[in-house]
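Following this message is one structure expressed as structure tokens.
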Amino acid sequence: MNTASYSELPAMFQRHAPPYLAERATGDVVVSAEGASLHLADGRTLLDAASGGFGYGVSPVVEAVQAQLRRLPLSNRVLISRTLAELVVELDKLCPTPLSVSYVCNSGDEAFEGALKLAKGLNPRRNRLLVVAGSRPGSLSYGTLLAGIGAGYLDALGMEVVPIRPNDSASLAGSLDRSTLAVVYEPVIRERGLCRLEAAFLTEMRRGCDTHGCLMIASELHTGLGFAGTPLGISLTGVVPDALVLGDALGGGQIGVGVYVTSKAINDAVYGGRNPSLHGSTTGGNPASCVAATVALRHLARERIAQRQEGLGRAFTERFASRAANPESLIRNYQVCGGLVSVELPGPAPADRLWRECLGAGLLLQRPRDRWLYLAPPLTVSEREWEQVLQRLQRGCERAGCEPAALREVV
């Protein structure tokens, strides 16, 4: 066992980690966590408003996973486990008709790649992907390509990517044709703030996909399971896609797991009686991950987490509405959707300064994108923790030196 001290770990990581990861690391060492609280090696506690995960150390999930690890952690798809059967039933309850067939993978990123292979199986000669601009459907090859990252390195994938402006129905209708493989979107776009896709836009997408025989794929890695204030982000409009991708929080903060859910008609058209593991998920759907996801889904429903996430947005508005209305305030604008929050600053430099001041105040935020900061707390964040998040964000604004005295409050 390596006996390196906590103080030595950052340097060890810097020496051996890929440069991109090493550069983004804060240098802090986390040793334990519960709820939305991260306990560091130096004795400090950071509040997590960045992960967009399930939450840490939620007892029902932890206990169920521990019991399953002792009983049967891994299996294969030749044998059916009770945990896999129970998970696909829970997913069927969660998803609207006709989404009823689930393929369970190791992560949401892998599930998105599997959904694209489903689309390719339906139309093998098509290679044109439409994506609503700003969507971030995954971090593997195709997800990265669709997010507009590293396109020059991914040309060999052989896909033509066509970005569509959010809520631009005319552009969408003019771009859809018989060469389109799939249309990919997130129900809420986190780019230059928050942009909820409108019902009219998604209805046009549904009509166009039906007309041209291509798949409509919704990635809910960042909006599903309650983040948008509804059990699923697609519930904001009621327009149902052909494939729905879930992950990240689905594992209950314990084990990586993802899934795409599609209709029986589409699944049968592509795979028929064949095993969808032609997609190739070696350990996907293992008993330990399935029990984590099943218990997590039941916990989210029992604790009415979607409604609680909606309350987070209201609490943010109550505290920061006056700041956004004041032209001297560091916060120029904000948007909320459930527990998802975007904060607009005067420019990239103030946004970076606020991010650093919040980190110093014990609040972990996602790194800014241009002049926007995003808050994505865990699903199970408590009201007490969220109040502390807002207090520390307020303190960060004051420390950044741009808050007029009239707006400051005692925290």
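When a/c reaches 1.5 or more, the comparison of a/b and b/c decides; with that in mind, is region 103-231 rounded, prolate or oblate per its Cα gyration tensor? Could you put the intermediate results ahead of the total?
Numbers: a/c = 1.35, a/b = 1.07, b/c = 1.26.
It is rounded, given that a/c, with a ≥ b ≥ c, falls under 1.5.
For every other residue with a beta carbon closer than 11 angstrom to the beta carbon of Arg298, add +1 if it is Lys or Arg and -1 if Asp or Glu, then tell me the sum.
Values: positive: Lys93, Arg302; negative: Glu86, Glu90, Glu303.
Net charge around Arg298: -1.
Tell me the net charge near Val239. Cut-off is 14 Å between Cβ atoms, Val239 excluded, with +1 for each Lys or Arg and -1 for each Asp or Glu. Mind dumping the intermediate values first?
Values: positive: Arg196, Arg206, Arg207; negative: Glu186, Glu198, Glu204, Asp210, Glu220, Asp242.
Net charge in that neighbourhood comes out at -3.
Once you sort the root eigenvalues of the Cα gyration tensor of region 59-302 as a ≥ b ≥ c, which label holds: rounded (a/c under 1.5), prolate (a/b larger than b/c) or oblate (the other case)?
Working: a/c = 1.80, a/b = 1.51, b/c = 1.19.
The shape class here is prolate.
Rounded to the nearest 0.05, what FRET efficiency is calculated for Arg302 and Asn127 with R0 set to 41 Å and r the Cβ-Cβ distance?
Details: r = 44 Å, r/R0 = 1.08.
Efficiency, rounded to the nearest 0.05: 0.40.
For Asp28 and Ser5, what does the FRET efficiency come to when R0 = 22 Å and r is the distance between their Cβ atoms, rounded to the nearest 0.05? All intermediate terms of the calculation are to be shown ahead of the outcome.
Numbers: r = 15 Å, r/R0 = 0.67.
The formula returns an efficiency of 0.90 here.
Starting from 0.36 nm per residue, how many nanometres of slack lie between Glu383 and Glu63 once their C-alpha separation is accounted for?
Details: separation 320, 0.36 × 320 = 115.20 nm, distance 2.36 nm.
Working it through step by step, the gained length comes to 112.8 nm.
Arrange Val104, Val295, Val29, Val336 by Cβ neighbour counts within 10 Å, fewest through most, would you?
On the way: Val104 27, Val295 24, Val29 16, Val336 20.
Fewest-to-most Cβ neighbours within 10 Å comes out as Val29, Val336, Val295, Val104.
How much net charge surrounds Glu220 when only other residues with a Cβ under 11 Å from its Cβ are counted (Lys, Arg +1; Asp, Glu -1)?
Local net charge: -2.
Follow-up. Any chance you could run the full-extension gain for Arg178 through Arg319? It's 0.36 nm times the residue separation minus the Cα-Cα distance, nm to one decimal. Display every interim value, and only then the final one.
Values: separation 141, 0.36 × 141 = 50.76 nm, distance 4.97 nm.
That works out to 45.8 nm of additional length.
Rounded to the nearest 0.05, what FRET efficiency do Arg15 and Thr282 give with R0 = 41 Å and r taken as the Cβ-Cβ distance? Could you check?
Values: r = 30 Å, r/R0 = 0.74.
Here the calculated transfer efficiency is 0.85.
Out of region 306-366, which GluC sites (Glu not before Pro) are coil in DSSP terms and have no more than 15 other C-beta atoms within 10 Å?
Working: sites: Glu310, Glu318, Glu328, Glu344, Glu357; in loops: Glu328.
Sparse-neighbourhood loop GluC sites (Glu not before Pro): Glu328.
Taking neighbour counts of Cβ atoms within 10 Å as a proxy for exposure, in what order, fewest first, do His299, His16, His39, His222 appear?
The order, fewest Cβ neighbours first, is His16, His39, His299, His222.
Another question about this same structure. Could you tell me which trypsin sites (Lys or Arg not before Pro) in region 74-141 are loop residues by DSSP with no more than 10 other beta carbons within 10 angstrom of their beta carbon? Don't skip to the answer; put the middle values down first.
Values: sites: Arg77, Arg82, Lys93, Lys117, Lys120, Arg125, Arg126, Arg128; in loops: Arg77, Arg125, Arg126.
Passing both the DSSP loop test and the Cβ count: Arg125.
Please arrange Tyr260, Tyr103 by counting, for each residue, the other beta carbons lying within 10 Å of its beta carbon, fewest first.
Details: Tyr260 32, Tyr103 25.
Going from sparsest to densest Cβ surroundings: Tyr103, Tyr260.
Each value in this text was obtained by applying a stated rule to the coordinates, not by laboratory testing. These figures come from a predicted structure and were not determined experimentally. For neighbour counting, all protein chains shown are included, and Cβ atoms are generated from backbone atoms with ideal geometry for every residue, glycine included.
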